[in-house]
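Some notes on the structure that comes next.
The values are calculated or read from the model by the stated rules, or taken from the named source; none is laboratory data. Predicted model only: the values in this text are computed from it and were never measured. Cβ: placed from backbone, ideal geometry, glycine included. Neighbour counts: every protein chain shown. Side chains included, ligands, DNA and RNA excluded: accessible areas come from the protein's heavy atoms. Shrake-Rupley method; radii C 1.70, N 1.55, O 1.52, S 1.80 Å.
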Amino acid sequence: MEKFEKYLDITKEVKNALETGKAIVALESTIISHGMPYPENVKMAKRVEDIIREQGAIPATIAIMDGKIKVGLSDEDLETLAKASHVEKVSRRDLAAVIASKTLGATTVASTMICAEMAGIKFFVTGGIGGVHRGYETTLDVSADLEELSTTNVTVICAGAKAILDLNRTMEYLETKGVPVIGFGTKFLPAFYTRETDIELRTSVNTPKELAEIVDTKNQLGLRGGILVVNPIPNEDSLAGDYINSIIDKAIEESFRKNIKGKDVTPFLLAKIVEETKGKSLEANLALVYNNALVGAQIAKAYEML
Ligand code: PSU
Ligand code: MN
């Protein structure tokens with residue numbers, strides 16, 4: 001038994017899927033606790049699991065509870081995470097401390113990747129990843145998600161990154177670290193609320209099978225690190241670029257003015273955007289997460305069938 005296994009609390013269903021090589025899709029929990037307001041957050045978490053099941057894959061939402069890494073959450077667990085007055089936002093840095101102190105923790109993209117790899121899960125669906133923040137030259141703020149993508153062997157399906165980040169620098173960072181960024185049905189980087197930017201991608205695919213083949217080839221080559229799949233928001237749900245970007249600019253200015261720092265930056269900006277758009281951004285956010293769940297489950301399924 002690997003030493004870390006005593007810290008893993010994996011549901012029977014997920015264990016069974018692991019043993020039989022069935023498609024499993026990991027899900028993060030910071031998007032629930034810090035990414036969306038209640039009750040939309042819990043509605044989203046349940047719907048995402050349903051979408052994954054409809055595709056014949058098993059969902060495994062990950063969180064830190066009672067000193068364990070829980071892989072697969074009950075509806076009750078999801079409610080707890082969505083409602084609790086304080087949930088720790090857990091990235092790589094925080095993982096050991098939050099487990100040791102048995103506090104309630106929600107995993108980010110970085111720590112969900114770590115936990116998924118420990119459990120043996122290869123695919124992970126989320127909304128958007130963290131990246132290089134605007135104003136990096138003064139703050140040095142780069143999400144730990146990027147470093148994790150360079151070392152941990154999990155395929156992450158997202159809708160790109162929000163324009164709260166410096167997308168050009170985020171792409172440069174990923175390039176330096178050797179992370180494949182693969183467009184799903186697009187040749188350009190999507191920017192979360194909008195379908196595309198002018199940042200061209202080196203690789204794009206049109207089917208889950210093509211993607212599964214890349215993942216399989218990378219695994220067989222023994223290449224370290226993750227793969228980032230970028231899947232654009234559906235056209236009918238996307239927001240006008242100028243509209244959302246002016247709101248993002250305002251939110252960033254306010255975060256500088258209020259001297260928001262460290263792990264509080266991203267949740268502050270996300271909440272501000274929801275507030276300023278009067279929920280419009282939340283609708284778009286929900287739609288893109290559902291679309292990622294659909295595509296992610298199809299990729300996991302295609303991998304199972306290779
Ligand atoms: N971006 C979003 N929604 C989110 C997050 C990012 O559009 O919920 C969350 C994810 O959990 C991501 C984390 O891993 O924020 C990044 O935080 P930071 O920038 O502090 O690394
Ligand atoms: Mn940061």
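Figures for the structure shown
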| read-out | value |
| --- | --- |
| Set Ile273, Ile233: member being among the hydrophobic types (A, V, I, L, M, F, W, C), under 26 Å from Glu304 (Cα atoms) and either buried (at least 16 other Cβ atoms within 10 Å of the Cβ) or touching a strand residue (DSSP E or B) at 6+ places or on another chain (Cβ under 7 Å) (or both) | Ile233 |
| Glu283 touching a residue at least 24 places away in the same chain (Cβ under 8 Å), of a type in the set (Asp, Glu) and not in a loop (DSSP other than H, G, I, E, B) | yes |
| Strands (runs of 3 or more DSSP E) enclosed by the stretch 82-182 - at least 1 residues per element that are more than 10 Å from ligand 1 (Cβ to nearest atom) and under 20 Å from Asn292 (Cα atoms) | 123-125, 155-158 |
| Of all residues making up the stretch 33-65, the number that are among the β-branched types (Val, Ile, Thr) and free of Cβ contacts under 8 Å to residues at least 40 places away in the same chain | 1 |
| Where Lys46 falls short, out of the listed (1) surrounded by fewer than 20 Cβ atoms within 10 Å (Cβ to Cβ); (2) farther than 17 Å from Leu286 by Cα; (3) basic (Lys, Arg) | (2) |
| Single match in Ala293, Ala251, Ala284 (criterion: farther than 22 Å from Val42 by Cα, in the same structural domain as Leu228 (by TED's automatic domain parsing) and open to solvent by less than 10 Å² (accessible area, probe 1.4 Å)) | Ala251 |
| Qualifying position, being open to solvent by less than 10 Å² (accessible area, probe 1.4 Å), at pLDDT 95 or above and closer than 15 Å to Pro267 by Cα, among Val71, Val125, Val90 | Val90 |
| Which numbered condition Leu140 fails, given (1) over 21 Å from Gly262 (Cβ atoms); (2) surrounded by fewer than 24 Cβ atoms within 10 Å (Cβ to Cβ); (3) out of contact with any Asp or Glu (no Cβ under 8 Å at 6 or more places or on another chain); (4) not aromatic (Phe, Trp, Tyr) | (1) |
| Breaking point among (1) among the charged types (D, E, K, R); (2) surrounded by 12 or more Cβ atoms within 10 Å (Cβ to Cβ); (3) without any contact (Cβ under 8 Å) to a residue 60 or more places away in the chain, for Glu213 | (3) |
| Residue match in the stretch 169-192 (condition: of a type outside the set (Lys, Arg), modelled with pLDDT under 95 and more than 13 Å from ligand 2 (Cβ to nearest atom)) | no |
| Selection status of Val25, among the β-branched types (Val, Ile, Thr), crowded, with 17+ Cβ neighbours inside 10 Å and under 20 Å from Val156 (Cβ atoms) | yes |
| The stretch 197-238: number of residues that are part of a loop (DSSP other than H, G, I, E, B) and among the aliphatic types (A, V, I, L, M) | 4 |
| Condition check for Val289: within 16 Å of ligand 2 (Cβ to nearest atom) and either in a helix (DSSP H, G or I) or small (Gly, Ala, Ser) (or both) | no |
| Test: Glu148 is in the same structural domain as Lys187 (by TED's automatic domain parsing) and either surrounded by 18 or more Cβ atoms within 10 Å (Cβ to Cβ) or under 15 Å from the mean Cα position of the chain (by Cα) (or both) | yes |
